[in-house]
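Student: Structure provided below as structure tokens; questions to follow.
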Amino acid sequence: MVVATPLAWWLTSGRSIYRTAVQAVVALPLVLPPTVLGFYLLIALGPRGFIGGTLEDIGLHHLAFTFEGILIGSVLYSLPFAVQPLEQAFANLGRRPIEVAASLGAGVIDRFISVVLPMTKSGFIVAMTLTFAHTMGEFGVVLMVGGNIPGVTHVLSTTIYGCY
């Protein structure tokens, strides 16, 4: 939600020429098979990948087969399930309540916290529920990026897989 909320807000209220491209990239995990996304993330986060290689160049460890790598993969894979309901909630809110709060002297952050958040609560509930359920059942990205290393990357979906 920390990543999805500002992204959804920007996509709803922003006027950037990149808006449509960002929406397409955010929606990509909906059509891309999880193992394919996991494979690309594994390459990017591994020691020879752009991200993993850069981390190793500055003296850190790459993120392949780590909990942090799984976290990044899960966030990216579940992002559309959080962003799209929030985008819809922000769009349904409209500009009028925000403009009224601004005319009464509310600052940008105050308008968001006092007006937008309470009025879009149902969108946040939908986004959190969908994201949680999707992340708990996710298997392909987790297996590709993290494997099933006991005590390191052993998560619920790989545990269930290992039982059968």
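The values are calculated or read from the model by the stated rules, or taken from the named source; none is laboratory data. Since this is a predicted model, take the numbers as computed values, not measurements. Note: ideal-geometry Cβ built from the backbone for every residue, glycine included; neighbour counts use all protein chains shown.
Student: Considering only residues that are assigned to a helix (DSSP H, G or I) and of a type in the set (G, A, S), look in region 8-29 and name the one that is surrounded by the most Cβ atoms within 10 Å (Cβ to Cβ). Can you show your working first?
Tutor: Of all residues in region 8-29, those assigned to a helix (DSSP H, G or I) come to 8-13, 19-29.
Still in the list and also of a type in the set (G, A, S): 8, 13, 21, 24, 27.
Numbers: A8: 26, S13: 13, A21: 10, A24: 9, A27: 14.
It comes out as A8.
Student: Among N92, N148, which is within 15 Å of G73 (Cβ to Cβ) and without any contact (Cβ under 8 Å) to a residue 60 or more places away in the chain?
Tutor: Details: N92 fails: within 15 Å of G73 (Cβ to Cβ).
Within the list N92, N148, the selection yields N148.
Student: Can you pull out the residues in region 102-161 that are closer than 25 Å to T66 by Cβ and out of contact with any helix residue (DSSP H, G or I) (no Cβ under 7 Å at 6 or more places or on another chain)? Lay out the reasoning, then the answer.
Tutor: Residues of region 102-161 that are closer than 25 Å to T66 by Cβ, as a first pass: 131-161.
Those that are closer than 25 Å to T66 by Cβ and out of contact with any helix residue (DSSP H, G or I) (no Cβ under 7 Å at 6 or more places or on another chain): F132, A133, G147, I149, P150, G151, H154, T159, I160, Y161.
Student: Name the residues in region 30-52 that are assigned to a helix (DSSP H, G or I) and not hydrophobic (A, V, I, L, M, F, W, C), would you? I'd like the intermediate steps shown before the answer.
Tutor: Within region 30-52, the subset assigned to a helix (DSSP H, G or I) is 30-31, 34-45, 50-52.
Those that are assigned to a helix (DSSP H, G or I) and not hydrophobic (A, V, I, L, M, F, W, C): P34, T35, G38, Y40, G52.
Student: Sort through A82, A8 and tell me the only one that's at pLDDT 95 or above, under 26 Å from M136 (Cβ atoms), hydrophobic (A, V, I, L, M, F, W, C) and touching a Phe, Trp or Tyr at 6+ places or on another chain (Cβ under 8 Å). Talk me through it step by step, then tell me what you get.
Tutor: Working: A82 fails: touching a Phe, Trp or Tyr at 6+ places or on another chain (Cβ under 8 Å).
Just a single option satisfies the conditions, and that option is A8.
Student: For region 6-41, how many residues meet the condition of being of a type in the set (K, R) and either touching a residue at least 24 places away in the same chain (Cβ under 8 Å) or in contact with a strand residue (DSSP E or B) (Cβ under 8 Å, 6 or more places away or on another chain) (or both)? Lay out the reasoning, then the answer.
Tutor: Initial filter on region 6-41 (of a type in the set (K, R)): 15, 19.
Filter once more, so that each one left must be either touching a residue at least 24 places away in the same chain (Cβ under 8 Å) or in contact with a strand residue (DSSP E or B) (Cβ under 8 Å, 6 or more places away or on another chain) (or both): none.
Here the count works out to 0.
Student: Starting from region 58-71, take each residue that is more than 11 Å from I149 (Cβ to Cβ) and list its partners that are of a type in the set (D, E), counting only C-beta distances under 9 angstrom and pairs at least six apart or across chains.
Tutor: Partner pairs satisfying both residue conditions: H62/E56.
Student: Quick check, is I98 over 30 Å from V145 (Cβ atoms), out of contact with any Lys or Arg (no Cβ under 6 Å at 6 or more places or on another chain) and without any contact (Cβ under 8 Å) to a residue 40 or more places away in the chain?
Tutor: On the way: over 30 Å from V145 (Cβ atoms): yes; out of contact with any Lys or Arg (no Cβ under 6 Å at 6 or more places or on another chain): no; without any contact (Cβ under 8 Å) to a residue 40 or more places away in the chain: yes.
It is false that I98 is over 30 Å from V145 (Cβ atoms), out of contact with any Lys or Arg (no Cβ under 6 Å at 6 or more places or on another chain) and without any contact (Cβ under 8 Å) to a residue 40 or more places away in the chain.
Student: Also, quick follow-up: Please tell me if E99 is acidic (D, E), on the phi < 0 side of the Ramachandran plot and surrounded by 15 or more Cβ atoms within 10 Å (Cβ to Cβ). Reasoning before the result, please.
Tutor: Details: acidic (D, E): yes; on the phi < 0 side of the Ramachandran plot: yes; surrounded by 15 or more Cβ atoms within 10 Å (Cβ to Cβ): no.
When the stated conditions are applied, E99 does not pass them.
Student: Considering each of L55, L63, L79, L86 in turn, give the residue that is over 30 Å from L117 (Cβ atoms), hydrophobic (A, V, I, L, M, F, W, C) and assigned to a helix (DSSP H, G or I). Spell out the reasoning first.
Tutor: Working: L63 fails: assigned to a helix (DSSP H, G or I); L79 fails: over 30 Å from L117 (Cβ atoms); L86 fails: over 30 Å from L117 (Cβ atoms).
Criteria check complete, one pass: L55.
Student: Quick check on region 114-164: of everything there that is loosely packed, with under 12 Cβ neighbours inside 10 Å and either of a type in the set (A, V, I, L, M) or not in a helix (DSSP H, G or I) (or both), which residue is modelled with the lowest pLDDT?
Tutor: Y164
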